[in-house]
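The values are calculated or read from the model by the stated rules, or taken from the named source; none is laboratory data. What you are looking at is a predicted structure, and each value in this text was computed from that prediction instead of being measured. FYI the Cβ positions are ideal-geometry reconstructions off the backbone, even for glycines, and counts take in every protein chain you see.
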Amino acid sequence: MSEHLISTYSPLPVSFSRGDGIYLWDSDENRYLDALCGISVTSLGHNFPAVTKAIRQQAGNLLHTSNIYNIEWQQKLAHRITQLSGMDRAFFGNSGAEANEAAIKLARLYGHQRGIKNPQILVMQHSFHGRTMATLSATGSRKVQAGFEPLVSGFVRAPFNDVGSISAIAKNNKKVVAILVEPVLGEGGIIIPDSGYLNSLRQICDKNNWFLMLDEIQTGMARSGKLFAFQYEDIIPDVLTLAKALGNGIPIGACVARGKAAEVFHPGNHGSTFGGNPLACRVACTVLDAMVKNKYADNALQRGEQLVSLLKEGLAGNDSVLEVRHLGLLIGIEMKQNCQAMVALALEKGLLINVTAERVIRLLPPLTIDSLQTNELAELLIPCINTFTHNS
Ligand SMILES: Cc1ncc(COP(=O)(O)O)c(C=O)c1O
């Protein structure tokens, strides 16, 4: 670890020098199965040929001009995303937090345009929306917020997957202008709401003139088994935020809007120097094309089912495993006890995983994973979990 890095992370004692498909190699040429994808980023796997080619070609053409000028790849990407999502317009930044910042600003501006002073946004307990001041204030985790007070005001909070409490807020609070919610809580522990949850939120939003803003930064881009997780229900959001896998490792975030929400911002309201640059937008177009053409959402569904049934079989009888839950290849294994130590144990065996919400082993493998590789993942992970619980 470098004494010259500001100490915001506590990295594991490994560094990778190259990657190919679902595998990474460290500087000693040891191979690891990457079941985390840099937390849902490299969903096409490492060194995906079309992405590598797009980066090379665009780097030799043009990296940056400015949003002062038209950017052709940005327009193409906006067209592609809106076509695939049913939305109308997109704004591009460089990260998930930036995409959510844009959404938060959009909702506030909408409130002011409606004559609501100090508009509020309804957010959820145990949610995660980023680390900037507004997005950490929206996040439902004291751990993320503590020490950074004063927080940004203008958020009201409800329990996740509890439509009743949102209806109650709608009755009593006339300052709310939008709901910001993840379709599945990612950092919060892979919490999947009841089916119909988003439909109910859509109805409440329509009734109260609120925007439904979905943070699909972790669930989007085919990971859930649909290109966007909201496509499991019969709805379209007003605002959709994307990042992570959109660039397969090239930083890009998008705040996508529809209908009234797409008309809120005007020139001068928002911007970003790097946002929407030709390189990131061309890569994101390539990623989307590959996901659609190769039907990786379907593969996420099939491999998700395969992996979860192998895990359930291999972990049956282990009393420390409370639940295995998943939507596509967004997988959480909830344990009885804190299982942070599992990450180092799996690393020793050549497997990259993650633990979130202290007790949930999180798997976010590449959507390109095949059936044999899925067996390999299960064969690496199951003994790790059984050894861990036996010794703890
Ligand atoms: C649902 C969700 N929203 C927002 C973010 C923040 O994204 P970024 O780290 O790119 O700012 C994350 C990152 O984990 C996330 O999972």
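Meeting the requirement of 2 or more residues that are more than 16 Å from the ligand (Cβ to nearest atom) and more than 20 Å from the chain's Cα centre (by Cα), the strands (runs of 3 or more DSSP E) wholly within the stretch 151-224 are 155-158, 176-181. For the stretch 227-249, the tally of residues that are hydrophobic (A, V, I, L, M, F, W, C), in a helix (DSSP H, G or I) and closer than 22 Å to Gly45 by Cα stands at 3.
Within the span defined as the stretch 78-87, every residue fails to be surrounded by fewer than 22 Cβ atoms within 10 Å (Cβ to Cβ), more than 17 Å from Val256 (Cβ to Cβ) and basic (Lys, Arg). Summed over the stretch 358-392, residues that are closer than 14 Å to Gln337 by Cβ and crowded, with 18+ Cβ neighbours inside 10 Å total 6.
Being acidic (Asp, Glu), within 15 Å of Leu106 (Cα to Cα), out of contact with any strand residue (DSSP E or B) (no Cβ under 7 Å at 6 or more places or on another chain) and away from the ligand (no atom under 13 Å from the Cβ) is true of Glu263. If you go through the stretch 104-124 one residue at a time, do you hit one that is touching a residue at least 24 places away in the same chain (Cβ under 8 Å), surrounded by fewer than 21 Cβ atoms within 10 Å (Cβ to Cβ) and small (Gly, Ala, Ser)? Taking every residue of the stretch 104-124 in turn, none turns out to be touching a residue at least 24 places away in the same chain (Cβ under 8 Å), surrounded by fewer than 21 Cβ atoms within 10 Å (Cβ to Cβ) and small (Gly, Ala, Ser).
Considering only the stretch 43-52, I want to know if a residue exists there that is of a type in the set (Val, Ile, Thr), more than 16 Å from the ligand (Cβ to nearest atom) and crowded, with 23+ Cβ neighbours inside 10 Å. Looking for residues that are of a type in the set (Val, Ile, Thr), more than 16 Å from the ligand (Cβ to nearest atom) and crowded, with 23+ Cβ neighbours inside 10 Å, one finds at least one in the stretch 43-52, hence yes. The helices (runs of 4 or more DSSP H) found entirely in the stretch 1-111 that carry 2 or more residues being assigned by TED's automatic domain parsing to the domain that holds Ile236, of a type outside the set (Lys, Arg) and over 25 Å from the mean Cα position of the chain (by Cα) are 49-59. Residues that are surrounded by fewer than 23 Cβ atoms within 10 Å (Cβ to Cβ) and either free of Cβ contacts under 8 Å to residues at least 60 places away in the same chain or in contact with an Asp or Glu (Cβ under 7 Å, 6 or more places away or on another chain) (or both) are absent from the stretch 210-228.
Being farther than 21 Å from Ala102 by Cα and of a type in the set (Gly, Ala, Ser) holds for only one residue in Gly247, Gly259, Gly220, Gly225, and it is Gly225.
Count, please, the residues in the stretch 325-345 that happen to be in a loop (DSSP other than H, G, I, E, B), surrounded by fewer than 18 Cβ atoms within 10 Å (Cβ to Cβ) and in contact (Cβ under 8 Å) with a residue 40 or more places away in the chain. Walk me through how you get there before you give the answer.
Let us first name the residues in the stretch 325-345 that are in a loop (DSSP other than H, G, I, E, B), namely 328-329, 336-341.
With the extra rule that they be surrounded by fewer than 18 Cβ atoms within 10 Å (Cβ to Cβ), the set shrinks to 336-338, 340-341.
Still in the running and in contact (Cβ under 8 Å) with a residue 40 or more places away in the chain: 337, 341.
Looking only at that region, the number is 2.
Here Gly304 does not fit the description of being small (Gly, Ala, Ser), in contact with an Asp or Glu (Cβ under 7 Å, 6 or more places away or on another chain) and crowded, with 24+ Cβ neighbours inside 10 Å.
Yes or no: Leu185 crowded, with 18+ Cβ neighbours inside 10 Å, under 25 Å from Val355 (Cβ atoms), at pLDDT 95 or above and not assigned by TED's automatic domain parsing to the domain that holds Asn354? Yes: the conditions hold for Leu185.
In the set Glu29, Glu3, only one residue is exposed (fewer than 10 other Cβ atoms within 10 Å of the Cβ), closer than 13 Å to Gly350 by Cβ and not small (Gly, Ala, Ser); that residue is Glu29. Can you name every residue in the stretch 128-150 that is within 11 Å of the ligand (Cβ to nearest atom) and either under 22 Å from Lys174 (Cα atoms) or surrounded by 22 or more Cβ atoms within 10 Å (Cβ to Cβ) (or both)? Across the stretch 128-150, the qualifying residues are Phe128, His129, Gly130, Thr135, Ala138, Thr139.
Scanning the stretch 76-95 for residues that are in contact with a helix residue (DSSP H, G or I) (Cβ under 6 Å, 6 or more places away or on another chain) and closer than 13 Å to Gly130 by Cβ turns up just one, Gly93. Counting just the residues of the stretch 266-286 that are assigned to a loop (DSSP other than H, G, I, E, B) and out of contact with any strand residue (DSSP E or B) (no Cβ under 7 Å at 6 or more places or on another chain), which one comes out nearest to Met87 (Cα to Cα)? Filtering first and then ranking leaves His266.
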